[in-house]
Every structure is written in structure tokens, then in C-alpha cells.
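Where a number appears in this text, it was derived from the coordinates with a stated rule and is not lab data. Keep in mind the model is a prediction, meaning the values are calculated, not measured. Positions of Cβ are generated from backbone atoms using ideal geometry, with glycine treated the same way; all protein chains shown enter the neighbour counts.
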């Protein structure tokens, strides 16, 4: 199978996003503020509260898992379980997050409009990479079933 540049790009974007989130854990409140996590998260990080670390660690793990699924769909690493389903769900999550930010904004009132515009654009971009890569690789992905 030819490697999918779209899914390879999606994997790289997810890995970079995971590293940025990991930087928030390592470098603390200033990074949470810079990346727009909100003053409450930054203050909790300054106090040594575990909440920001736990939430951010979960995001890092999810993004790295999604990077692995992108690499699997691109044919760079072995086929992971439920690959087609996972790629469709990941595509949908990124695209939905990018498009539905107006509905999500009231849940996080501390985040700036700039944060929402930038992060939503990034999510749309990554979602498009996943979606285009999944469509391009669909035939390869359907050769074997989505069963373990």
C-alpha cells in the first residue's frame, strides 16, 4: 500500500499537539496560559493541584493514540484493531470540535476568542487530514476486516 501523506500529516499534527500539552505539564502555569487553557487551570497548576496534570495527561495519551492510528492507516506501522472505525471516529471528533466551538465556548468562559479561533482552525485542519487520508486509504483499509 502506498503511504498516505494525509494520515502521516495527521499523525505528525497529533504528536506535536501531544508535545505541546506535555509542555504544559512540564513547564506549568505559563504554558497553560500561553496555550489558552484558562486562568483557573493556570492557577491550579501554580498551586500544585493535580487536576491540570490529570486532564492534560489524558489529552496527551489520546492524541498519541490517535497519532498511532493515523500511522497505522498510513501503512507505516502494523494494522491496529478497529482501524477504519477509529479513523472515522477520530475524523468526526476533530471536525466536530472545529465546527462546534461556538456551542462549546460557554462551557469554558475563561478561554479567549483568539484561543477558540486558533484551536478550532487547527482541529479542522487535522480533521481534514484524517478524513482525506481515511478516504484515500479506504480500499486498503477494507482489504482486511476491522475485527481483532
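Residues of region 34-54 being buried (at least 17 other Cβ atoms within 10 Å of the Cβ) and either assigned to a helix (DSSP H, G or I) or in contact with a strand residue (DSSP E or B) (Cβ under 9 Å, 6 or more places away or on another chain) (or both), which ones?
Within region 34-54, 41, 42, 44, 45, 52 qualify.
For region 89-124, give me each residue that is surrounded by fewer than 16 Cβ atoms within 10 Å (Cβ to Cβ) and within 20 Å of residue 18 (Cα to Cα).
Once the filter is applied, which keeps residues that are surrounded by fewer than 16 Cβ atoms within 10 Å (Cβ to Cβ) and within 20 Å of residue 18 (Cα to Cα), region 89-124 yields 89, 92, 96, 117, 118, 121.
Please state which of the following conditions residue 59 fails to meet, knowing it meets all the rest: (1) within 12 Å of the chain's Cα centre (by Cα); (2) closer than 14 Å to residue 133 by Cα.
Looking at each condition in turn, residue 59 falls short on (2).
Out of all the residues in region 97-105, is one or more closer than 19 Å to residue 11 by Cβ and not in a loop (DSSP other than H, G, I, E, B)?
Yes, region 97-105 contains a residue that is closer than 19 Å to residue 11 by Cβ and not in a loop (DSSP other than H, G, I, E, B).
Across region 55-76, what is the number of residues that are surrounded by fewer than 16 Cβ atoms within 10 Å (Cβ to Cβ) and assigned to a loop (DSSP other than H, G, I, E, B)?
1
Consider region 13-41. How many of its residues are touching a helix residue (DSSP H, G or I) at 6+ places or on another chain (Cβ under 8 Å), free of Cβ contacts under 8 Å to residues at least 60 places away in the same chain and closer than 28 Å to residue 137 by Cα?
2
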